[in-house]
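**Student:** Just dropping this structure here.
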Amino acid sequence: MESSAAFDKNTVEFVTVAAEYCAYLEQLYDKEPAKVVDVLSKLLPLVYLKASMLPRVEPEGLYLEEFVTEQDYEELRMQLQRLLGENDDYLEVFVEDMKYSDTPVRKCISEDLADIYQALRNFVQSYRSGLDEVMTEAVAVCAEGFRTYWGQTLTNTLRAVHNVRYESADMDDLSSDETAFYD
């Protein structure tokens, strides 16, 4: 196993961004919906960029603990759904089922963000173990998940977040000249 992948500069930067994404979503309870959408419109591209730069490592099949429980996932998804309200739903075109459907496929920003959270939180927690083999396997698994699932989910969700941020009447009160990334 290539333990150097765990300490690669791009991995360390990704860990930082992934941890920030998770921490932000874990502290939504007092946030205004417009501010959350604004932060996500900036944070999601950064997560994508840093994930796309992860070193390519083949998974060894090492067991990695799942840290996000079904209850954690559902609580986060529901909190995001409440925050986003009617802006949660969007129509998706980049899904396999679309080839065989005459109707659009409905997706939810809240579910997509929770899916990304689950992948990133599990990665960050495994990485924090400090064990070379576990850290490297976490990089391999996370990078593979990015290529095969949550990377596409992130880009689809970013399109929907962008639409909410710049097209939704509910979000019009958000100042366009804010410079702080988030509170």
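**Student:** Could you list all residues from region 24-35 that are in contact with a helix residue (DSSP H, G or I) (Cβ under 7 Å, 6 or more places away or on another chain), surrounded by fewer than 21 Cβ atoms within 10 Å (Cβ to Cβ) and assigned to a helix (DSSP H, G or I)?
**Tutor:** Passing the criteria: Tyr24, Pro33, Ala34.
**Student:** Let me ask something else. Could you please give the count of residues in region 144-167 that are among the hydrophobic types (A, V, I, L, M, F, W, C) and over 13 Å from the mean Cα position of the chain (by Cα)?
**Tutor:** Qualifying residue count for the region: 2.
**Student:** Does any residue of region 57-66 turn out to be of a type in the set (A, V, I, L, M) and without any contact (Cβ under 8 Å) to a residue 60 or more places away in the chain?
**Tutor:** No - not one qualifying residue is present in region 57-66.
**Student:** Restricting attention to region 161-183, and to residues there that are touching a Leu at 6+ places or on another chain (Cβ under 9 Å) and hydrophobic (A, V, I, L, M, F, W, C), which single residue is modelled with the lowest pLDDT?
**Tutor:** Phe181
**Student:** Mind checking which pairs have a first residue in region 143-160 that is of a type in the set (Ser, Thr, Tyr) and a second that is loosely packed, with under 14 Cβ neighbours inside 10 Å and at pLDDT below 95, Cβ under 9 Å, 6 or more apart or different chains?
**Tutor:** Thr155/Phe94
**Student:** Can you tell which of Val47, Val36, Val57, Val68 is over 15 Å from the mean Cα position of the chain (by Cα) and of a type outside the set (D, E, K, R)?
**Tutor:** Val57
**Student:** Pull up region 71-100, narrow it to residues that are hydrophobic (A, V, I, L, M, F, W, C) and modelled with pLDDT of 80 or more, then point me to the one that is nearest to Ala160 (Cα to Cα).
**Tutor:** Checked region 71-100; the qualifying residue nearest to Ala160 (Cα to Cα) is Leu91.
The values are calculated or read from the model by the stated rules, or taken from the named source; none is laboratory data. Keep in mind that this is a model prediction, so the values were computed, not measured. Backbone-built Cβ (ideal geometry, glycine too); neighbour counts: all protein chains shown.
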